Amino acid sequence: MSYIRKRLGAKLFLANLIVILMGVIILAITIQITIPAAFNRHMGAMDSSMMNGMGMGQGQGQGQGLGRTLFENFRASMFESLGYAVTASVLVALLVSWFLSRRIVAPVRTLTDASQHIADGHYAERVEVNGTDEIAQLATRFNQMATQLEQVESMRRQLIGDVTHELRTPLTSINGYMEGLVDGVLPSTRETFDQIHREADRLSRLVDDLQELSRVEAKAFSLDIRSVTVSNLVQTTVKRLAPQATAKRITLHSNLAADLPPLQADEDRLTQVLVNLVANAIQYTPEGGDVTISAARQADEIHISVKDSGIGIPPEHIANLFTRFYRVDKSRSRNAGGGSGIGLTIAKHLVEAHGGRIWAESQGDGQGSTFTFSLKIAK
């Protein structure tokens, strides 16, 4: 019985079987009830006919006529009783079928109505899950789909708000400087124009980040897969970011295991990932701190990590770090060095495009953090 409750096909088979059994039972009961009365009625009619025949002197061939009349009356009573029985069994079967079909079809109708609400944009719609059969599994998948659609819609609205905010900040600064120059409030000095240039450059970088994010999320990019050595990847990153680390008096280390096998990957894209992680570590590490790039083999993977002695990450924020525009400190602005919250999202998509994974670890505030991504070793 537990199997029947779990399978829709078994439910339909059981429903049909119940309808057939109910029809047979009602048929048998109705015949049992109606055939005596029908038989007695037809026999009474036969007796009356025989009495009339005898009264008129019709006795010749009476034996054969009696047998034929008895058979005909029995057949007539049988068909009469069978007619009542079939009518009753059909009515009962229809009622049972209607009742069972309503129980089976009702969840489907509920799903249909709920899907229409989803189509109309009401993503909070959910259906109740009863049982464990295919319809219950469909209801579970429907609720999961509705939850994901609701999250996507929420992220879309948040994305619009975040992009608007990120674009408004530099545009407001540029507009303020220009108004100051026009009104004569600000002097036409190199410093003023440098400030405007920095804001315009910041706006340009943000637009570039958004374009890159759009490409990687839509997977609208190709990978130039070739053999890549981890040491070259790390050296390129260190050379590129050494000036930035020196400016903050941050020591940039590398700690690579010996004899690391090569990777089959897009070197430019992996460099983009590593540069992003190291730049992020430098940004959130105070002066005099350390940032270390390490790589080691773990089974059939190579783990590349960027560890810093920076401000750390509270545990409740770890899961959301790779969500676009997410910031641990909501009050931190780009001016304060908070970044747009796009770089880690881009890094995640690029690593996953290589078949790898990326994650973050931290002991909490002031304990530094470690970002690690893993890639399969080339075979």
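The values are calculated or read from the model by the stated rules, or taken from the named source; none is laboratory data. Just so we're clear, the structure is a prediction, and the values are computed from it rather than from any experiment. Virtual Cβ from ideal backbone geometry, glycine too; neighbours counted across all protein chains shown. With ligands, DNA and RNA removed, areas are computed over all heavy atoms of the protein, side chains included. Shrake-Rupley method; radii C 1.70, N 1.55, O 1.52, S 1.80 Å.
Observations, loosely collected:
- Test: residue in the stretch 247-266 that is on the phi > 0 side of the Ramachandran plot and at pLDDT 90 or above: yes
- Residue within the stretch 103-117 that is at pLDDT below 80, of a type in the set (Asp, Glu) and part of a helix (DSSP H, G or I) present: no
- Within the stretch 242-255, being open to solvent by 60 Å² or more (accessible area, probe 1.4 Å), over 15 Å from LEU277 (Cα atoms) and of a type outside the set (Val, Ile, Thr) holds for PRO243, ALA247, ARG249, ASN255.
- From the list ARG215, ARG198, the one residue that fits, being at pLDDT below 90, farther than 22 Å from ILE346 by Cβ and in a helix (DSSP H, G or I), is ARG198.
- Under the condition of being within 16 Å of GLN272 (Cβ to Cβ) and either in a strand (DSSP E or B) or open to solvent by less than 70 Å² (accessible area, probe 1.4 Å) (or both), the residues counted in the stretch 218-233 number 7.
- Residue in the stretch 122-140 that is of a type in the set (S, T, N, Q), open to solvent by 60 Å² or more (accessible area, probe 1.4 Å), closer than 29 Å to ILE20 by Cβ and at pLDDT below 80 present: yes
- First in the stretch 144-165 and open to solvent by less than 90 Å² (accessible area, probe 1.4 Å), second anywhere and in a helix (DSSP H, G or I), Cβ under 6 Å, 6 or more apart: ALA146/ILE118
- Residue in the stretch 322-330 that is among the basic types (Lys, Arg), at pLDDT 70 or above, under 27 Å from SER222 (Cα atoms) and open to solvent by 20 Å² or more (accessible area, probe 1.4 Å) present: yes
- All conditions but one from (1) of a type outside the set (Asp, Glu); (2) open to solvent by less than 30 Å² (accessible area, probe 1.4 Å); (3) under 30 Å from the mean Cα position of the chain (by Cα) apply to HIS317; the one that does not is (2).
- Residue match in the stretch 270-286 (condition: open to solvent by 40 Å² or more (accessible area, probe 1.4 Å), of a type outside the set (Phe, Trp, Tyr) and farther than 22 Å from ALA360 by Cα): no
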